[in-house]
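Beneath this line is the structure, given in structure tokens, with notes to follow.
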Amino acid sequence: MTGFARTLLAIAVLAMMQISASCRADVIRVAAQKTGTLAWELAVIRSHGLDRKANLSIEIVDLASPEAGKVALRAGTADVMVSDWPWVSRERTLGAKLQFYPYSSALGAVMVAASSPLKTLGDLKGHKLAVAGGPIDKNWLLLQAALKQDGIDLKSQSSIVYGAPPLLAAKTLDGEMDATLNYWNFCAALEAKGFRRLATMEDVLRKLGTRGRIAMIGYVFDEAWANANKDAVARFIAMTREAKEILAASDDEWTAIAPLTGAPDAATLHAYRDRYREGIPRRPIADEEADARVLYKVLAQVGGRDLVGAATELDPGTFYQAIPGD
């Protein structure tokens, strides 16, 4: 082979390597629980090849709990997880520059039996209320703040029982509790059993000054990683939006992912479907952030340092705003 031919061959090989590198899918490591709602979305992404369409390789980091996702993100073993913006803002004030992008505005509710005599939130006085999470659960703190506007101190005027969401949902179903404040999917399961919503968290948040249905949870990632991978992040967001729209439009998709939801019957699956669809974020990021600022101040007042740390206002960089059109 002549020197000229070897040069041409080297140029051709180099060009092929560059083309291959440019076509190689970007890897995004997503931390998710197998039983969580994010797993539903990821299943749709894979079954429809949305990851390949977006030129992304999604590696799922299996989690045992939401807290494990926070550890994975901090340790650098995951790129994306799902959490809430109050935690992201708190982490930013502590030095961890994380960012948040809306994932779902599906919110919990106060649930009561269909035959319950309770008609308004004020009727909870003197009754037994099961609160999912604990004393500094955000829904609980916001509910207390809203009722204090009406002169009701629910914490002292009701019998409060804290616990894990599934346990409290079961106790409520068995009639051991007069009402429960629980997360949206457990509320949906209770609806399927004939329970009704005494009030939604959306009602509560509007009373506190929000202007729309706010996404409390979202995709969370490191700011430096996002800045270094802006195009990949944009494709990731577009991919997840497409998955959500498929779940919004197709009932057949819910039949396909039914095993992942853990729904014991069709009524529960349909309740999950309807509440999930309600919670698909559709508002501009600026509107989401404006409402988050309002609620953060409330949380700082009622939850204090145990919940939000030293900051009394939402950190300015909490919401990711680099997606065109947002």
- [ ] Report, by residue number, each residue of the stretch 141-176 that is more than 22 Å from Ser65 (Cα to Cα), hydroxyl-bearing (Ser, Thr, Tyr) and surrounded by fewer than 18 Cβ atoms within 10 Å (Cβ to Cβ).
- [x] Ser156, Ser159
TODO: Examine the stretch 291-299 for a residue that is closer than 26 Å to Asn229 by Cα, outside any strand (DSSP E or B) and in contact (Cβ under 8 Å) with a residue 12 or more places away in the chain, and state whether such a residue exists.
DONE: yes
Open item on the list: Given (1) farther than 23 Å from Glu289 by Cβ; (2) part of a strand (DSSP E or B), identify the lone condition not met by Ala114.
Closed with: (2)
- [ ] Have a look at Asp326, Asp315, Asp306 and point out the one that is outside any helix (DSSP H, G or I) and touching a residue at least 60 places away in the same chain (Cβ under 8 Å).
- [x] Asp315
TODO: Starting from the stretch 139-158, take each residue that is under 24 Å from Cys187 (Cα atoms) and list its partners that are of a type in the set (Val, Ile, Thr), counting only C-beta distances under 6 angstrom and pairs at least six apart or across chains.
DONE: Trp140/Val131; Leu141/Val302; Leu142/Val204; Leu143/Val204; Ala145/Val298; Ala145/Val302; Ala146/Val204
Open item on the list: Quick check on this structure: which one of Leu299, Leu295, Leu307, Leu247 is in contact with a Phe, Trp or Tyr (Cβ under 7 Å, 6 or more places away or on another chain) and either hydrophobic (A, V, I, L, M, F, W, C) or more than 23 Å from Arg213 (Cβ to Cβ) (or both)?
Closed with: Leu247
- [ ] Could you figure out which of (1) touching a residue at least 24 places away in the same chain (Cβ under 8 Å); (2) surrounded by fewer than 17 Cβ atoms within 10 Å (Cβ to Cβ) isn't true of Tyr320?
- [x] (2)
TODO: Kindly provide the set of residues from the stretch 49-87 that are under 25 Å from Ala311 (Cα atoms) and acidic (Asp, Glu), ordered by number.
DONE: Glu67, Asp84
Open item on the list: Please go through the stretch 104-117 and give me each residue that is over 22 Å from Val298 (Cα atoms) and crowded, with 18+ Cβ neighbours inside 10 Å, ordered by number.
Closed with: Met111, Val112, Ala113
TODO: Search the stretch 190-216 for residues being assigned to a helix (DSSP H, G or I) and touching a strand residue (DSSP E or B) at 6+ places or on another chain (Cβ under 9 Å), and hand back the single one that is nearest to Met177 (Cα to Cα).
DONE: Leu190
Open item on the list: For the stretch 255-271, give me the residue count where each residue is in contact with a Leu (Cβ under 6 Å, 6 or more places away or on another chain) and either modelled with pLDDT under 95 or over 14 Å from Phe186 (Cβ atoms) (or both).
Closed with: 1
Open item on the list: Considering only the stretch 123-140, I want to know if a residue exists there that is in a loop (DSSP other than H, G, I, E, B), surrounded by 18 or more Cβ atoms within 10 Å (Cβ to Cβ), in contact with a Pro (Cβ under 7 Å, 6 or more places away or on another chain) and not small (Gly, Ala, Ser).
Closed with: no
Task: Residue ID - modelled with the highest pLDDT, chosen from residues in the stretch 21-38 that are part of a helix (DSSP H, G or I) and surrounded by 18 or more Cβ atoms within 10 Å (Cβ to Cβ) - done: Leu38
Task: Subset of the stretch 47-72 that is part of a helix (DSSP H, G or I) and modelled with pLDDT under 95 - its residue that is farthest from Ala256 (Cα to Cα) - done: Val71
Task: So Gly95, is it under 30 Å from Asn227 (Cα atoms) and in a loop (DSSP other than H, G, I, E, B) - done: yes
Open item on the list: Please pick out the residue among Val298, Val220, Val308, Val294 that is surrounded by 21 or more Cβ atoms within 10 Å (Cβ to Cβ), farther than 22 Å from Ala39 by Cβ, out of contact with any His (no Cβ under 9 Å at 6 or more places or on another chain) and not hydroxyl-bearing (Ser, Thr, Tyr).
Closed with: Val308
- [ ] With the condition kept exactly as written, say whether any residue in the stretch 77-84 is outside the structural domain of Ile280 (by TED's automatic domain parsing), crowded, with 23+ Cβ neighbours inside 10 Å and within 20 Å of Ala322 (Cβ to Cβ).
- [x] no
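The values are calculated or read from the model by the stated rules, or taken from the named source; none is laboratory data. Predicted model only: the values in this text are computed from it and were never measured. As a convention, Cβ positions derive from the backbone with ideal geometry for all residues, glycine included, and neighbour counts pool all protein chains shown.
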